[in-house]
1. Taking region 62-176 on its own, what percent of its Cα-Cα pair distances exceed 18 Å?
2. HN-Hα J couplings of region 154-162 from phi, Karplus 6.51/-1.76/1.60, θ = phi - 60°, integer Hz, Gly and Pro as x?
3. When you count, for each residue, the other Cβ atoms within 10 Å and take the mean per peptide, how do 130-139, 109-118 rank with the highest first?
4. Convert each backbone phi in region 213-228 into a coupling constant with the Karplus relation 6.51 cos²θ - 1.76 cosθ + 1.60 (shift: θ = phi - 60°), then list the ³J(HN,Hα) values in order as whole Hz, x for Gly and Pro.
5. Given the chain, what percent of its DSSP beta bridges are antiparallel, to the nearest 5?
6. Put a dot 7 Å past each Cα toward the Cβ at Ser142 and Ala230; how far apart are the dots in nm?
7. Rounded, prolate or oblate for region 162-218? Axes are the square roots of the Cα gyration tensor eigenvalues, ordered a ≥ b ≥ c, and the cut-off for rounded is a/c under 1.5.
8. Identify which of Phe62, Phe88, Phe19 has the largest mean-square fluctuation in a Gaussian network model of the chain, with springs joining Cα atoms closer than 10 Å.
Amino acid sequence: MSFRFEPIGYVRSCFVEKFAIPRQPHLAPAARGVIELLPPYDQPEAIAGLELVSHIWVLFVFHAASSGPEHLRVRPPRLGGNQRIGVFASRATHRPNPIGQSVVTLDRADPGRLAISGLDLLDGTPVLDIKPYVPYADALPSARNELADAAPTGCSISWNEDALAQATAAAARLNQPVVELIEQCLAQDPKPAYQQPTPRREYGVRFWDLNVRWHYPTQCEIRVLSVLPA
Ligand code: SAM
């Protein structure tokens, strides 16, 4: 038996590359985006009732990851990237079927356009379905996951004076919380776990239309060097 699914819409996101996207939603509440719904789901009928809902599940396709039956074991970044576990014990992007699920905040619902935040989704992500978050069923206080029992702890962030001025100006231009976005995403320490940073080595990522550069003065201290138009 096989199934064929068509996207109901696409995500427009602050994350235009995979690097430095948080590993799960809500690690960066300042991460914002929009789900653009395709016809016929852009009709008001499709979202009637969503005004009563604060959070939604987004079921999506990991369109920028490989998939297939060969992905039985994965090496999750949070285990240091060198320990293998079964794919079904992980949220890895490389999966037999490349389906992801994220709970995001629904900030506003207009026909054809859902404003969301706290997302961990790449720009252009195809959306398969949207479902309301149901607190009594979806939040389980007694749930246990010893592989991922708490949000990752991260690095401290400091700014070069120029970089902070650039980020503040970009925030005003884009009408987005750019300073918070950078701080929340970089605090997760996006570099690969196996890499030992040196103060001379610079890293960079694009958020929105901005090229953010930083370095590590010490092992877990990040200094933002510049925030310039990409
Ligand atoms: N919350 C989802 C889940 O549990 O299914 C995604 C978790 S996955 C570990 C999160 C990572 O997926 C992000 O850090 C980002 O690098 C990657 N990602 C996000 N959107 C993607 C896409 N459309 N294609 C491939 N990778 C994507």
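1. Percentage above 18 Å: 70.
2. x, 9, 7, 10, 10, 10, 5, 4, 4
3. Result, highest mean Cβ count within 10 Å first: 109-118, 130-139.
4. 10, 8, 9, 10, x, 9, 3, 10, 9, 10, 10, 7, 9, 7, 9, 10
5. Counting only bridges with both partners in the chain, antiparallel ones make up about 90 percent.
6. About 4.6 nm, to one decimal.
7. prolate
8. Of Phe62, Phe88, Phe19, the Gaussian network model singles out Phe88 as fluctuating most.
The values are calculated or read from the model by the stated rules, or taken from the named source; none is laboratory data. It should be emphasised that the depicted structure is a prediction, and the values quoted were computed from it without experimental measurement. As a convention, Cβ positions derive from the backbone with ideal geometry for all residues, glycine included, and neighbour counts pool all protein chains shown. Side chains included, ligands, DNA and RNA excluded: accessible areas come from the protein's heavy atoms. Shrake-Rupley method; radii C 1.70, N 1.55, O 1.52, S 1.80 Å.
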